[in-house]
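Asker: Could you have a look at this structure, given as structure tokens, before my questions?
The values are calculated or read from the model by the stated rules, or taken from the named source; none is laboratory data. Small disclaimer: the values here were computed from a predicted structure and weren't measured. Here the Cβ is made from the backbone with ideal geometry for all residues, glycine too, and neighbour counts use every protein chain on show. Surface accessibility is based on the protein's heavy atoms, side chains included, excluding ligands, DNA and RNA. Shrake-Rupley method; radii C 1.70, N 1.55, O 1.52, S 1.80 Å.
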Amino acid sequence: MCGRYNVIDDPKVQDLLTILGIPLRAQTRLNIAPGGSGQIVYQTAQQRTLVDAIWSLLIERKPDNTGYRPSPRYSTFNARAGSLASSPLWKARLHRQRAIIPASGFHEWTGEKGHKQCYHIRAAKGAIAFAGLYELWDFDGDLVPAYTIITLPPPPGSHIFTPRACR
Amino acid sequence: MLSPEDFDRWLDPQLTNTDPLQHLFETRIRQPLLVEPVRSPLNLEPVGAIEEIAADNQ
């Protein structure tokens, strides 16, 4: 799975946003985790937009009404590429609600529990543009963007990538 | 990970036939990657050498 990533407001991410036609700067955020707040780029018939969004597609109000959280019943921060065409959750959004998630790097861990090694994986050149899907949830007029990152099987022979690495 | 040449098609909400996007769902390293062991994702402090993973051939 793709479980953590980061965004650093540096020239690489600025270049990516420029290519995407976004006249804004990204906000530096380290260790973005499922349920946390990332930034996504999506497009409507009118424009492309960079917005804050919750990393998990299915979300709900927090019980104390202080915001929103991922649905505790489903894990929706990753969407396996192999299930995009079959899962009702992903299928409709694959057709018209695709997003790009700008990133500087992501993380994978190796080793046993208690002795895990964290790796920072980034592109040798430029920033990373993750493919994702999004939804704009309407909670009684409060429009809340949420997203998932699409994952692919790891490359054969890889000792770093987990079975559903960010791709 | 998407390449710049994929951006417009991927974001286009009018493109509802996803056949032109299917190649993006194949496992392939599209660009060289740097893998660096770090102490924590909170500070990205390096603790070892960087390994480069080459991109797959087109």
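Asker: Could we say that A:Trp90 is over 27 Å from B:Asn43 (Cα atoms) and open to solvent by less than 60 Å² (accessible area, probe 1.4 Å) here?
Answerer: So A:Trp90 fits the description; yes.
Asker: State whether the residues of the range A:116-125 include one that is of a type in the set (Gly, Ala, Ser), facing chain B (nearest Cβ under 8 Å) and more than 17 Å from A:Pro34 (Cα to Cα).
Answerer: Yes: the range A:116-125 contains one or more residues that are of a type in the set (Gly, Ala, Ser), facing chain B (nearest Cβ under 8 Å) and more than 17 Å from A:Pro34 (Cα to Cα).
Asker: Within the bounds of the range A:105-122, is there any residue that is in contact with a helix residue (DSSP H, G or I) (Cβ under 9 Å, 6 or more places away or on another chain), assigned to a strand (DSSP E or B), open to solvent by 40 Å² or more (accessible area, probe 1.4 Å) and modelled with pLDDT of 95 or more?
Answerer: yes
Asker: Can you pull out the residues in the range B:24-58 that are facing chain A (nearest Cβ under 7 Å), surrounded by 13 or more Cβ atoms within 10 Å (Cβ to Cβ) and assigned to a strand (DSSP E or B)?
Answerer: If the condition is that a residue be facing chain A (nearest Cβ under 7 Å), surrounded by 13 or more Cβ atoms within 10 Å (Cβ to Cβ) and assigned to a strand (DSSP E or B), then B:Leu33, B:Leu34, B:Val35, B:Glu36, B:Pro37, B:Val38 are the ones that fit.
Asker: Please find, among A:Ile19, A:Ile54, A:Ile32, the residue that is at pLDDT 95 or above, surrounded by fewer than 21 Cβ atoms within 10 Å (Cβ to Cβ) and hydrophobic (A, V, I, L, M, F, W, C).
Answerer: After ruling out the rest, the residue left standing is A:Ile19.
Asker: Restricting attention to the range B:1-23, which residues are under 12 Å from the mean Cα position of the chain (by Cα), surrounded by fewer than 18 Cβ atoms within 10 Å (Cβ to Cβ) and facing chain A (nearest Cβ under 7 Å)?
Answerer: B:Pro4
Asker: While we're on this one: Please work out if A:Ala26 is more than 10 Å from chain B (Cβ to nearest Cβ), at pLDDT below 95 and closer than 16 Å to A:Gly132 by Cβ.
Answerer: Yes, satisfied.
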